[in-house]
Amino acid sequence: MTETAHERVLIVDFGSQVTQLIARRVRESGVYCEIHPYDKAEAILDEFAPKAVILSGGPASAHEEESPRAPQRIFELGVPVLGICYGEMTMCAQLGGAVESGHEREFGRADILIERESPLLDGLGEVGHRETVWMSHGDKITAVPLGFEVVASSEGSHFAVIADEGRRFYGIQFHPEVAHTPRGALMLRNFTHKIAGLKGDWTMAAFREEAIARIREQVGEGRVICGLSGGVDSSVAAVLIHEAIGDQLTCVFVDTGLLRQNEAEQVVTLFRNHYNIPLVHVDASKEFLGGLAGVTDPEVKRKTIGRLFIEIFDREAAKIEGAAFLAQGTLYPDVIESVSARGGPSAVIKSHHNVGGLPDFMKLKLVEPLRELFKDEVRALGVELGLPPEFVGRHPFPGPGLAIRIPGEVTPEKVAVLQKADAIYLEEIRKAGLYDSIWQAFAVLLPVRTVGVMGDARTYDEVCALRAVTSTDGMTADFFEFPWEVLARTATRIINEVKGINRVVYDVTSKPPGTIEWE
């Protein structure tokens with residue numbers, strides 16, 4: 001938990017898959033907030049001292065006896081409370097209203113009709129205005145608690161927006177945090193700024209100063225080692241820590257041999273030559289590729305890479321005299337998932353990371369300066385720290401590297417082929433001016449060979465798949481609609497320039513939350 005004087009909003013998580021979006025919307029308006037599971041929120045109330053509380057959505061039914069509940073103390077703090085979807089229902093159930101199942105369900109786009117004025121809906125329109133929102137509920141409120149009035153209704157819910165203006169308690173049946181509610185961000189801002197009276201004093205410049213002070217306080221005169229992967233997260237963490245403690249930091253860059261083409265050289269040049277940060281570069285490509293020989297199962301590949309990385313990193317760290325701290329680029333979504341009301345899937349999804357701590361044999365204390373930030377906030381901090389825009393804006397790259405973009409066995413020959421194809425793909429995307437419009441683009445070397453004819457010769461070579469997705473948060477993704485001429489030019493170059501590939505396909509599947517990667 002952060003220790004700042006900033007005004008703070010508590011988001012109580014009931015397990016909605018879009019709870020993180022609430023936090024991102026609130027932070028976008030300059031208000032610091034944190035997400036805590038409903039069953040752990042009570043314990044942090046006094047220390048966190050929220051100026052407002054938001055109750056998230058969730059999959060449970062509020063009318064069931066064992067359904068999750070918000071700490072009753074929240075309604076006694078004297079601060080504004082906003083219940084979203086399930087959050088509205090449990091607020092009603094806890095304060096004397098009634099919720100039932102078996103009524104009309106509302107899923108997807110809907111219109112609400114504004115029936116009375118409320119600061120929550122300021123700027124949306126006068127009484128009688130209809131506003132598009134995104135609904136997702138199967139239960140229904142049948143009675144509101146004493147003191148609440150209807151502010152807006154929908155075809156499927158008479159209590160689409162309710163308010164007790166005296167106590168500053170509000171409930172909305174839809175999801176303002178998702179993009180499908182076009183003016184949902186305005187509603188959330190109305191709640192934090194107009195109703196709660198928050199100033200919005202949380203900025204990246206302020207975070208930078210506070211983070212530097214925290215790092216200095218935590219580390220003192222100790223030495224820190226940072227596992228530098230070359231990705232945005234660890235790079236921003238390294239530059240931030242170096243600004244705080246200078247040469248007390250040593251970065252260890254373990255080159256797995258599974259990076260993008262020429263990426264290792266770029267990392268060394270940036271950090272050793274440009275930033276003058278003490279850097280140990282370990283070329284461990286033979287160890288990683290040797291360890292992956294014969295391995296085809298995706299999860300075994302991930303765990304093999306994770307194990308080797310820790311072993312090699314620990315071996316190098318032992319050579320750094322006086323090292324007492326290990327810096328990691330842990331982000332806020334990792335923290336949320338590890339204690340989530342949904343059961344914390346991160347241990348499975350991120351099995352190549354050290355989410356949740358370090359192995360017992362590594363006698364180091366963790367320094368995680370980015371654990372309060374979302375990915376887009378890390379990029380903003382990178383800009384604040386002066387990292388090159390082209391580096392900060394790089395597409396996400398998985399910890400296991402190209403190994404998970406080669407289904408089946410990973411060999412040095414396959415890695416070399418994929419590196420070349422991937423480099424051509426990204427080069428063509430940049431030349432077309434599309435790179436910044438795409439969240440993540442990459443090539444995949446499929447375990448499929450096809451017969452083809454090139455010139456006067458018959459070929460029997462690999463198939464390369466190209467993938468590009470759009471996303472605003474990295475949690476959900478949709479395929480990018482490429483201009484045909486860019487795809488055609490890319491495919492032609494790959495087939496002509498990369499020996500071993502004779503066919504290129506483009507993947508147009510949409511992926512559910514958390515599955516942007518291939519394997």
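Whole Å is fine, so just give me how far the alpha carbon centre of the range 155-201 lies from that of the range 318-333.
Cα centres, the range 155-201 to the range 318-333: 41 Å.
Divide, for the range 189-312, the radius of gyration over alpha carbons by 2.2 N^0.38 Å, where N is the residue count. List each step's numbers first, then the result.
Numbers: Rg = 19.3 Å, N = 124, 2.2 N^0.38 = 13.7 Å.
It is 1.41.
Of K199/K375; K303/K414; K319/K365, which ones are farther than 22 Å apart at the Cα?
Numbers: K199/K375 24 Å; K303/K414 20 Å; K319/K365 17 Å.
Going by Cα-Cα distance, K199/K375 fall outside the 22 Å limit.
Please list log₁₀ I(q)/I(0) at q = 0.15, 0.17, 0.19 Å⁻¹ for the range 364-502, using the Debye equation with identical point scatterers on the alpha-carbon positions.
Treating every Cα as an identical point scatterer, log10 I(q)/I(0) equals -0.86, -1.03, -1.20.
Find, among the GluC sites (Glu not before Pro) in the range 1-61, those assigned to loop by DSSP (not H, G, I, E, B) with at most 11 other beta-carbon atoms within 10 angstrom.
Details: sites: E3, E7, E28, E34, E42, E47; in loops: E3, E7.
Listed in order of number, the matching sites are E3.
State the extension gain, in nm to one decimal, for the chain segment bounded by E481 and H158, taking 0.36 nm per residue of separation less the distance between their alpha-carbons. Kindly include the intermediate steps, with their values, before the conclusion.
Values: separation 323, 0.36 × 323 = 116.28 nm, distance 3.95 nm.
Computed gain between E481 and H158 is 112.3 nm.
Using R₀ = 60 Å, calculate the FRET efficiency as 1/(1 + (r/R₀)^6) where r is the Cβ-Cβ separation of A213 and V448; round to 0.05. Could you put the intermediate results ahead of the total?
Details: r = 54 Å, r/R0 = 0.90.
Here the calculated transfer efficiency is 0.65.
Around A163, what is the net charge, scoring Lys/Arg as +1 and Asp/Glu as -1 over all other residues with Cβ under 13 Å from its Cβ? Working shown, then result.
On the way: positive: R116, R167, R168, K194; negative: E88, E115, E117, D122, E149, D164, E165.
Net local charge, A163 excluded: -3.
Net charge near I225, counting Lys/Arg +1 and Asp/Glu -1 over other residues with Cβ under 13 Å of its Cβ?
Numbers: positive: R223, R315, K319, K363, K365; negative: D247, D314, E316, E321.
Surrounding charge for I225 is +1.
Which FRET efficiency, nearest 0.05, do K286 and E427 yield, Cβ-Cβ r, R0 41 Å? Could the numbers behind the result be given before it?
Working: r = 28 Å, r/R0 = 0.68.
After rounding, the FRET efficiency stands at 0.90.
Please report, in cubic angstrom per residue, the volume enclosed by the convex hull of the alpha-carbon atoms of the range 66-182.
Working: hull volume 11.8 nm³, N = 117.
Measuring per residue, one finds 101 Å³ for the Cα hull of the range 66-182.
Starting from the coordinates of the alpha-carbon atoms of the chain, obtain the Kirkwood hydrodynamic radius over all distinct pairs and give the value in Å to one decimal.
Details: mean 1/r = 0.0397 Å⁻¹.
After inverting the mean inverse Cα-Cα distance, the result is 25.2 Å.
Out of every Cα-Cα pair in the range 5-149, what percent are more than 19 Å apart? Show your work: numbers first, answer last.
Values: 5833 of 10440 pairs.
Here the tail beyond 19 Å accounts for 56 percent of pairs.
Which of the GluC sites (Glu not before Pro) found in the range 57-119 are in a DSSP loop and have at most 13 neighbouring Cβ atoms, other than their own, within 10 Å? Please list the in-between numbers first.
Working: sites: E64, E65, E66, E76, E88, E100, E104, E106, E115, E117; in loops: E64, E65, E66, E104, E115, E117.
Sites meeting the loop and neighbour criteria: E64, E65, E66, E104, E117.
Where does the chain land at 222 nm, in deg cm²/dmol rounded to the nearest 500, when only DSSP H runs of n ≥ 4 count, each adding -39500 (n - 2.57), divided by all residues? Write out the running numbers ahead of the final one.
Details: 15 runs with 157 residues, N = 519.
Mean residue ellipticity, 222 nm, calculated: -9000 deg cm²/dmol.
Provide the net charge surrounding T203, with neighbours chosen by a C-beta distance below 15 Å and charges set as Lys +1, Arg +1, Asp -1, Glu -1. Don't jump to the answer; show the numbers that get you there.
Working: positive: R8, R27, K199, R208, R379; negative: E7, E28, D201, E209, E210, E372, D376, E377, E384.
Neighbour charge sum, excluding T203 itself: -4.
Rounded to a whole number, what % of the accessible area of the range 1-101 do carbon and sulfur atoms account for, probe 1.4 Å? Show your work: numbers first, answer last.
On the way: 1490 of 3550 Å².
Roughly 42 percent of what the probe reaches on the range 1-101 is carbon or sulfur.
The values are calculated or read from the model by the stated rules, or taken from the named source; none is laboratory data. These numbers come from a predicted model, not from an experiment. Cβ sites come from the backbone with ideal geometry, for glycine too, and all protein chains shown count toward neighbours. Only protein heavy atoms, including side chains, enter the accessible area calculation; ligands, DNA and RNA are left aside. Shrake-Rupley method; radii C 1.70, N 1.55, O 1.52, S 1.80 Å.
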